[in-house]
Amino acid sequence: MKPKSLFTRLLLSNALIILLTLLILGGVFNYLLQHYLSKSREAQFTKVAKTMSNTILLKQSMQNEDTWTLDSIIKQVSQSAATDVVIINAKGQVLASTNSRIADQTLTNTEVISVLSGTPYDKWGGSFLGVPSLTVGYPVKDKGQIIGAIFLDAPLKGFQASLFTFRLLILYAALFSLLMSAIVAYILAKSISRPILEMNKSAKALARGKDLNLVNYHGNDEIASLVAMFNRSVREVQNTRAQQHKLEEQRREFVANVSHEFRAPVTSLQGFLELMQDGIIPEAERPKYFALMLNDTARLNRLVNDLLDMARLQAEQVKLKPEALNPIKLAETLLLKLSPQATEHGVSLVMDFPTSVTFVVADKDRLEQILLNLLDNALRYTPAGGNIVLKIQPDHTSTCFEIQDSGPGIPAADLPHVFERFYKVDKARTPDKGGTGLGLAIVKDLVEAHGGQIEVVSEPGQGAKFTFCIPNA
Ligand SMILES: Nc1ncnc2c1ncn2[C@@H]1O[C@H](COP(=O)(O)OP(=O)(O)OP(=O)(O)O)[C@@H](O)[C@H]1O
Ligand SMILES: [Mg+2]
C-alpha cells in the first residue's frame, strides 16, 4: 500500500476532528432542543389545564352538563394552544371533546382513573387518543369535590414535524460548516505539507547528486525556520560541490600539464638512446647527442624540483628562515652571477638602488630564488640590445623590488594568468624557450609566504614590469 502522504493525513485528521465535533454538538443540540420543546409544551399544557380547572364558568357548565358552553370553551382553548381538549365528568363520561373519536364515550383508561382520583397526569409519548401524543390531565374540583377532569392532548406528529425542521436546519448548518472547515483544513494542510514535500524532493535530489532546489516558503513559524535552515544547507552543499568540481578540474588539468611537460624530454631521451643502442650514431657525433641528452635530463631535473617545490609550498610545508638582510648586497651578488649570461644574450643589467640601506626580513635563499626567477624570465624574453632594470625602493614599512625589461611585454589578456601553474603566453608565437610555466607560480607562492604581494604591469612593446614588496626589518 502506498504510504499516506503528510497532506492526506493532515487533511483526514482535521476533517475527522471537525466531523466528530459537529456530531457531538449536533447530538447535544438535538437532545437539548427536544428536551426543551417537550418540557415547555408540557408546562404550557399544565398551566392551561390548571387555569381552566379554576374557571367558575367551566365548573358551572360541567355541573350543569352545559355542553354548548363547554364546546365553545374547549374550541377556544384548542385553537390558542394547538391541542385537542377533552372534558369528562366524575364518572369518566366525555362532556365535550374537540376530537370527535371519543365524543359521548365513557373513558376508563388508567390515566383517567388516576386523574379522577385527584392526581394530575402528564405523559410524553402515550396514546390517550389512539396516536402517540403528549397528554396532560388535570382534575376539576368544586368545594374539594372532584367533579371531573380536563385533558389536553397533542399528537407528537406535529411536534415531531417541527423538531424535524429544526434537525434539518442543524444538519444544513453542520454540512455548511463542514464544507467551510474542510476548505480551511485543506488550505492549512497544503500550506504545512507543501514546504515539507519540497524539502523532501530536494533532499532526495541531494542524495542522488542531482541539481538542488531552494524551497520557497515565507513566514515566521517553525516550518519557516526549518526551511531557512534547509536552504542554508542546500546552498552550502551547492558551494561545496562547485568547489569540488573546480578542484577536480584543476587536478585533472595539472596531471595533463605535468604529463605533457615530461613527454618531450623523455621521448627525445628515449629516441637518442635507441639510436645509440642500434649503433646508428657514429662515434664522432656522440658528444653532440650527449649534450642534447644532458639538456633533456637537466630539464627533467628542473621540472621535478619545481614540482616538488610547488607541492611543498602548496602544502605549506616550506619553513622560511627569516633574517634581516641587506637587499642591496643580495642584489649585487645576484647580478654579478647573472652578468655572463646577460653578456651572452647581449642584454645589459642596470641597477637602480637607493643610497642608504634598509634591511628587510626574508629567507635569503628564497628571496634569491624569487629574484633569480624574475631576472631569468626577463633575460629569456628580452631580445639582444635590450636592458633589464632592477630597482630597489625602500618605504617606511616595506621594501619593493621592481624588475623592468625592454622585451615584447605580456599581452593584456594573458596578464591575469601568468602566475598560474603551467601558464605560458602564446606558445605558438614564442618559440619553446624550455620553460615549464611554473616559475611565476612558485614566485607568487614564495612572495606570499614572505607576507608580500606581487604584481605585473605591461604595455605591449614596452616590456614587462614585475613588482613585489616585503616587510622591512
Ligand atoms: N619578462 C617577461 N616578458 C615577457 N613574457 C614573460 C616575462 N616573464 C614571464 N613571461 C611569460 O609568462 C609565462 C610564465 O612565466 P613563468 O616564469 O611562470 O614560466 P616559464 O618562464 O615559461 O617557465 P619556468 O620559469 O618554469 O622555467 C612565460 O612562459 C612567458 O610567456
Ligand atoms: Mg620563468
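The values are calculated or read from the model by the stated rules, or taken from the named source; none is laboratory data. Please read these numbers as outputs of a predicted model, since none were measured by experiment. Counting neighbours? That spans all protein chains shown, and the Cβs are built from the backbone with ideal geometry, glycine included.
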Which condition number does Tyr31 fail, the rest of (1) within 17 Å of Leu156 (Cβ to Cβ); (2) without any contact (Cβ under 8 Å) to a residue 60 or more places away in the chain; (3) hydroxyl-bearing (Ser, Thr, Tyr); (4) surrounded by 12 or more Cβ atoms within 10 Å (Cβ to Cβ) being met? (4)
Residues to consider are Val234, Val184, Val215; find the one that is at pLDDT below 90, β-branched (Val, Ile, Thr), surrounded by fewer than 17 Cβ atoms within 10 Å (Cβ to Cβ) and on the phi < 0 side of the Ramachandran plot. Val184
Mind checking which residues of region 38-54 are surrounded by 15 or more Cβ atoms within 10 Å (Cβ to Cβ) and in contact (Cβ under 8 Å) with a residue 40 or more places away in the chain? Ser38, Arg41, Glu42, Phe45, Thr46, Val48, Ala49, Met52, Ser53
Is it true that Ala384 is of a type in the set (A, V, I, L, M), farther than 25 Å from Thr355 by Cβ, touching a His at 6+ places or on another chain (Cβ under 8 Å) and modelled with pLDDT of 90 or more? yes
Would you confirm whether any residue within region 448-463 is part of a loop (DSSP other than H, G, I, E, B), within 11 Å of ligand 2 (Cβ to nearest atom), surrounded by 18 or more Cβ atoms within 10 Å (Cβ to Cβ) and modelled with pLDDT of 85 or more? no
Among the candidates Leu57, Leu70, Leu19, which residue alone is more than 21 Å from Lys141 (Cβ to Cβ) and either at pLDDT 90 or above or not in a loop (DSSP other than H, G, I, E, B) (or both)? Leu19
Residue in region 308-327 that is more than 59 Å from the chain's Cα centre (by Cα) and within 30 Å of Phe359 (Cβ to Cβ) present: yes
Within region 323-405, which strands (runs of 3 or more DSSP E) (wholly inside it) include 1 or more residues that are surrounded by 17 or more Cβ atoms within 10 Å (Cβ to Cβ) and more than 16 Å from ligand 1 (Cβ to nearest atom)? 360-363, 387-394, 398-405
Being of a type in the set (Ser, Thr, Tyr) and surrounded by fewer than 12 Cβ atoms within 10 Å (Cβ to Cβ) is the filter here, so list the residues in region 286-296 that pass it. none
